[in-house]
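The values are calculated or read from the model by the stated rules, or taken from the named source; none is laboratory data. As the structure is a prediction and not an experimental result, all values here were calculated from the model. Positions of Cβ are backbone-derived with ideal geometry, glycine not excepted, and every protein chain shown enters the neighbour counts. Keep in mind that these areas ignore ligands, DNA and RNA; they rest on the heavy atoms of the full protein, side chains included. Shrake-Rupley method; radii C 1.70, N 1.55, O 1.52, S 1.80 Å.
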Amino acid sequence: MSPVPLLAVENLTMCFGGLVAVDNISFTAYRGEITAIIGPNGAGKTTVFNCLTGFYRPSAGRLAVHKDGEILQLERIEGFRIVRRAGIARTFQNIRLFAGMTVLENLIVAQHNPLMKASVFSLAGLLGLPRYRAAERAAVERARHWLDRIGLTDRADWLAAALPYGAQRRLEIARALCTGPALLCLDEPAAGLNPRESAELNDLLLGVRDEEQIGILLIEHDMSVVMGISDHVIVLDYGRKIADGTPAEVRADPEVIKAYLGEDEIDNAAEEAPLRPLAGREGGARANGAAA
Amino acid sequence: MAYFLQQLINGLTLGAIYGLIAIGYTMVYGIIGMINFAHGEIYMIGAFISIIAFLVLGLAGVTYVPLALAIVLLITMLFTSIYGWAVERIAYRPLRGSFRLAPLISAIGMSIFLQNYVQIFQGARGKPMPPVVQGGFTVFESGGFAVRLSYLQLFIMLLTLALMIGFTTLIAVTPLGRAQRACEQDMRMAALLGVDVDRVISLTFVMGAALAAVAGLMVTLYYGVVDFFIGFLAGVKAFTAAVLGGVGSLPGAMLGGILIGLIEAFWSGYFSVEYKDVSVFVVLILVLVFCPTGLLGRPEVEKV
């Protein structure tokens, strides 16, 4: 089966004043594949996500989404329409759940558009008309399905803020999935998870990829996740793309090793440290470990 | 005892009116973090629209009181909502994303504008309104003092109760209510999930204005006279009610409204009518000094 392109990023550039955060990047993400974006801190990974989800308007370049045989220009779609029109959902590095709402409500808010339509701007909802009841039942059903997948069914009525960290991460992913996305963008979903939790995350993501046949775009520092589940890895450094290929190809790429470890290997790292973010080195050390 | 009960009834009636206005303040604050100082004027416009509606219905020959009340209620809510929507659209939306004080200043400007607009088009003199709902019954009598509950007071309390129930349902279980609560917590995240944030904010203003319109109608019926300046005092008192209950909390706004109504009624009943407004503002000062989060408010959590 030849992969179906889902998102084609062409010559994406994003400048903030004089700083070029993303410099002429092109890549393609496919349906039914997990595409990982890796790179040292400050490489521009999250900026790419912010362009995809309408937080930033790209300085140059095209973001084309293939949906139902049409090609949509993502950068021309207004922020809140992206999820419905282009089917892109995302999670955040720092978790952004609706802390004061219950776990179940978080998942139902994600189904706002179909519910709003079924309820005719909430009027039918207020009157409790059958048409809306059915739509709401379907929404709860869907929410329950994902709760079941992430193992939070028994905590559906908890406030989201009361969940432990790992469960909050899973809930955020479930919330993004409840929008019924074609492309799921995950910003460091494994950050702060213990090894068991990140193994569970791997299973969840692989399951989602295979069952839903959606594309997943993944920013991650945890190389056990990246190398374990990605079909396709893109490496960014200083806003440029330096490698693109299967995990095995990327791991062997000299450019990548250089970006992560620096030109003259580790003994010079201390001198170079002020110029380069430290966490990038940590990621690099882990990458190296995974590669070894 | 009888006197106390009478003041309680009067206070609850007044409190229902304040509470309805206070909800508009609290909802808008909850969602965009701004005090809508033009809200009192929206209430005043509601009062004027209700008088005009009564007049037109009278000319049209609708004399059956419950029918007239229902029609006036709907007309008032509809037209006042349009004002509420327009105020947000003209004075606040263009300033979204600007510095925090900008919409506040714009709100004060809007308030002055609306006052003068009504003054010019309706005249500065008070508009009288003949009593529409008359009569009442005696709850009980003791020592020659009869505790009266008028039908109008009953109508005000019951209508407020009904609106509160409908409103709480709307916030709790409908998609719009859920979207409002989501926007309150994280507007950008809500937008990412497909919530049209601008529309939700517009509808919040519309809902607040509709409730203020009901309060305007009630005050027209209750006091029988309306002028272009009533929005200021009622607005500040309702704001006090919102602060007392905890700005951002809906049940708090209602509770605060009722408490302010009771304080005012008891103060006028037992101390002096002249200083009833002072009693309310003393409460505002005390709350702000000793309990700034209000009775049911949550402490402000700094967003990261």
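Quick notes on this structure:
- Projecting the Cα atoms of A:Gly87, A:Met116, A:Gly61 onto the charge dipole of region A:56-118 (Cβ charges, centred on the Cα centre) puts A:Gly61 farthest toward the positive pole.
- The residues of region A:68-95 listed by number as losing at least 30 Å² of accessible area in the complex, against the isolated chain and with a 1.4 Å probe, are A:Phe80, A:Val83.
- Straight-distance crosslink candidates among lysines, where the alpha carbon sits under 18 Å from A:Lys241 and sequence neighbours closer than 8 are dropped: A:Lys45, A:Lys258
- Loop-resident sites, region A:15-56, for chymotrypsin sites (Phe, Trp or Tyr not before Pro), counting at most 14 other Cβ within 10 Å (DSSP): none
- Probe 1.4 Å, protein heavy atoms only - accessible area per residue of region A:98-179 in square angstrom: 44
- 3J(HN,Hα) along region B:193-205: 8, x, 7, 7, 4, 4, 5, 4, 5, 4, 5, 5, 5 Hz, from the Karplus curve 6.51 cos²θ - 1.76 cosθ + 1.60 with θ = phi - 60°, whole Hz, x for Gly and Pro.
- Other-chain or far-sequence residues with amide H under 5 Å of A:Ser59's (modelled H): A:Thr13, A:Met14, A:Cys15
- Remark: relative contact order (chain B) = 37 percent; criterion is Cα-Cα distance under 8 angstrom and separation of 6 or more residues.
- Restricting the trypsin sites (Lys or Arg not before Pro) of region B:218-303 to loop positions (DSSP other than H, G, I, E, B) with no more than 10 neighbouring Cβ atoms within 10 Å leaves B:Lys303.
- Solvent-accessible area per residue for region A:1-74 (1.4 angstrom probe, square angstrom): 41
- With 5 Å bins from 0: P(r) over region B:2-290, alpha-carbon pairs, percent: 1, 6, 11, 16, 18, 17, 13, 9, 5, 2, 1, 0, 0, 0
- Equivalent-ellipsoid semi-axes for region A:98-179 (Cα gyration tensor, √(5λ), whole Å, largest first): 24, 12, 10.
- Cα-based Rg and Dmax for chain A, where Dmax is the largest Cα-Cα distance (Å): 20.0, 71
- A:Glu249, A:Glu197, reordered so the largest accessible area comes first (probe 1.4 Å): A:Glu249, A:Glu197
- Filtered trypsin sites (Lys or Arg not before Pro), region B:28-117: DSSP coil and at most 10 other beta carbons within 10 Å: B:Arg100
- Portion, in percent, of the accessible area of the protein assembly as shown that falls on carbon or sulfur, probe 1.4 Å: 63
- Accessible surface area normalised per residue over region B:80-219 is 46 Å², counting heavy atoms of protein chains with a 1.4 Å rolling probe.
- Between helix B:276-290 and chain B: long-axis angle, C-alpha atoms, 0 to 90°, nearest 10: 30
- Residues losing 30 Å² or more accessible surface upon assembly, region A:34-65, compared with the chain by itself, 1.4 Å: A:Phe55
- The alpha-carbon of A:Lys67 sits under 22 angstrom from the alpha-carbons of these lysines, leaving out residues fewer than 8 places away in its chain: A:Lys117.
- Summing Cβ point charges (Lys, Arg +1; Asp, Glu -1) relative to the Cα centre of chain B gives a dipole of roughly 380 debye.
- Springs between Cα atoms under 10 Å define the GNM used for chain A, and in it the highest mean-square fluctuation of A:Gly69, A:Gly207, A:Gly245 occurs at A:Gly69.
- Computed Rg/Rh of region B:162-304, alpha carbon atoms with Kirkwood Rh: 1.02
- Loop sites by DSSP among the GluC sites (Glu not before Pro) of chain B, restricted to those with at most 14 other Cβ atoms within 10 angstrom, leave B:1-273 as the longest stretch without any of them.
- Candidates B:Phe232, B:Phe140, B:Phe113: whichever shows maximal mean-square fluctuation once chain B is modelled as a Gaussian network with Cα springs under 10 Å: B:Phe140
- Lysines with Cα under 29 Å of B:Lys237, excluding same-chain neighbours fewer than 8 positions away: B:Lys127, B:Lys276
- For region A:11-162, dividing the convex hull volume of the Cα atoms by the residue count gives 166 Å³ per residue.
- Based on C-alpha pairs under 8 angstrom that are at least 6 apart in sequence, chain A has a relative contact order of 25 percent.
- Neighbourhood net charge (15 Å Cβ-Cβ; Lys/Arg +1, Asp/Glu -1) for A:Pro164: 0
- Equivalent ellipsoid, the protein assembly as shown (semi-axes from 5 times Cα gyration tensor eigenvalues, Å): 57, 24, 23
- Pairing chains A and B buries close to 2500 square angstrom of accessible surface in total, based on protein heavy atoms and a 1.4 angstrom probe.
- Within a Gaussian network of chain A (alpha carbon springs, distance under 10 Å), most fluctuating of A:Cys185, A:Cys51, A:Cys15: A:Cys15
- Tilt relative to chain B, helix B:151-173 - C-alpha long axis, 0 to 90 degrees, to 10: 20
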